[in-house]
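Asker: Provided herewith is a single structure, encoded as structure tokens, for subsequent inquiry.
A short reminder: the numbers here are calculations on the coordinates, not readings from a lab. Fair warning: this is a prediction, and the values are worked out from it, not measured in the lab.
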Amino acid sequence: STKQIKGSMQTQMPLWGGVWIHHGGDIIRCASAVRRRQHPDERNASYVRYEVAIGNENRRAVYYGRLEKILKCNLPQGSRFWRDLQGCRLLLAVITPCVTTNRDATQVVTSYCAEQQSQVVVDLRTVQSVVGRIFTREKWGIIDRSSNTARTVFVEDED
């Protein structure tokens, strides 16, 4: 339940401004870390492709959205609610989804006119790549140059 989740979560979580996908991958910046008055022609690296398993058959659905924030969440030990995840660190992506009706821009022309009003929170590992956008004919077209070989892998920093 929501009450159980709230009761076992940290009240404050460190905020990350972006991530780099290892081995020459994308640099993704959170919208919260990008200048507020960004010129429309400047590259915006906060729009991402993410994939989430849905339904009982774990079918993967493709989504696009603006990465707002990344939260570092340390789950507490001793909470039966979190089962195998207790004591783990999760990186959570707060995303404002684009309304694309689950179209995959690597397969078909995909555009949107609006972003959803509500945000979603997903595991950062679901974020696959940064995507481009172009505004034309009163809508945003999504440019997704990712492939099946471009997938997110997290590696501990050696510092």
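Asker: Around residue 18, which amide H atoms from residues at least 5 apart in sequence, or from another chain, sit under 5 Å from its own amide H, with H modelled in the peptide plane?
Answerer: Amide H neighbours of residue 18: 30.
Asker: Could you give me the ³J(HN,Hα) list for the stretch 70-77, computed from phi with Karplus coefficients 6.51, -1.76, 1.60 and θ = phi - 60°, whole Hz, x at Gly and Pro?
Answerer: With coefficients 6.51, -1.76 and 1.60, one gets 10, 10, 9, 10, 9, 7, x, 6 Hz.
Asker: While we're here: Quick check of the Kirkwood formula: for the stretch 2-143, what is the inverse mean of 1/r over all pairs of different Cα atoms, in Å?
Answerer: Kirkwood hydrodynamic radius for the stretch 2-143: 16.6 Å.
Asker: Still on this structure, please answer the following. What residues have an amide H closer than 5 Å to that of residue 90, excluding those fewer than 5 places away on the same chain, when H is modeled at 1.01 Å from N in the peptide plane?
Answerer: 73, 74, 75
Asker: Any chance you could run the full-extension gain for residue 33 through residue 75? It's 0.36 nm times the residue separation minus the Cα-Cα distance, nm to one decimal.
Answerer: The residue 33-residue 75 span can extend by a further 12.6 nm.
Asker: Here's another thing I want to ask about it. Non-local amide H neighbours of residue 131 (under 5 Å, H modeled in plane, Pro and chain starts lacking H): which ones?
Answerer: For residue 131, whose amide H was placed from the backbone, the distant partners under 5 Å are 47, 48, 49.
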